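Okay, structure first, notes after.
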Amino acid sequence: MFSSMKLVLAIMLLIPGIEINGNTATIYYDGGGNIAEYEQQIKTAKKNGVTNVVIDGICPSACILWMHESYDLNVCAKENAAVGFHIPYSIAPNGKVIVSEEEYSIGLMIAREMVIGLPEKLRDHWFGIKLPAPSKGDPVSMMDWVIGDDAVDMIGDC
């Protein structure tokens, strides 16, 4: 019988864009998603021995949590890295983004908590610009992207 942690890890291994090999998780393509689900994935990966994260592809939105200092992971980026971020938002039961000043304020507080724990250069970059905000009407797909050599410089080279 699988323990819940082993089941979550097994599900993570099925995600086509993240490969776990020994103590290293390599992100090739990750679409982002629910913050709470990412927090659980990362905690489970750590409990199962992951100590290193290599970003070698697309890592937007909640995927950036892999870089957050609170998880104490060794993170680096390769030249294929593309990390993107926008202000977090909520989805209504009808599947649409909730657009309101209150949701924007909540998203802004969450974004601050997420960005404050990132590598210094990346953190400073995202604190220094106006990030796209779906709760203000920006398209969900709209993000600020840091790509290639810029990502390597801001995150650290592998």
Counting C-alpha atoms alone, how compact is region 64-132: give Rg to one decimal and Dmax as a whole number, in angstrom. 13.8, 39
Quick check for me: using +1 on Lys/Arg Cβ and -1 on Asp/Glu Cβ, what's the dipole size of region 4-155 about its Cα centre, in debye to the nearest 20? 420 debye
Taking every alpha carbon pair in region 4-155, what does the distance histogram look like in 10 angstrom bins from 0, in percent? 11, 42, 34, 13, 0
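May I ask you to derive the FRET efficiency for ASP72 and ASP149 from their Cβ-Cβ distance with R0 = 22 Å, giving the value to the nearest 0.05?
FRET efficiency, ASP72 to ASP149: 0.25.
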How many lysine pairs in the chain, separated by 8 or more positions in sequence or lying on different chains, have Cα atoms less than 28 Å apart? 14
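Bear in mind these aren't lab numbers, they're just calculated from the coordinates by the rules spelled out. Remember, it's a predicted structure, so these values are computed and weren't measured experimentally. Cβ: placed from backbone, ideal geometry, glycine included. Neighbour counts: every protein chain shown.
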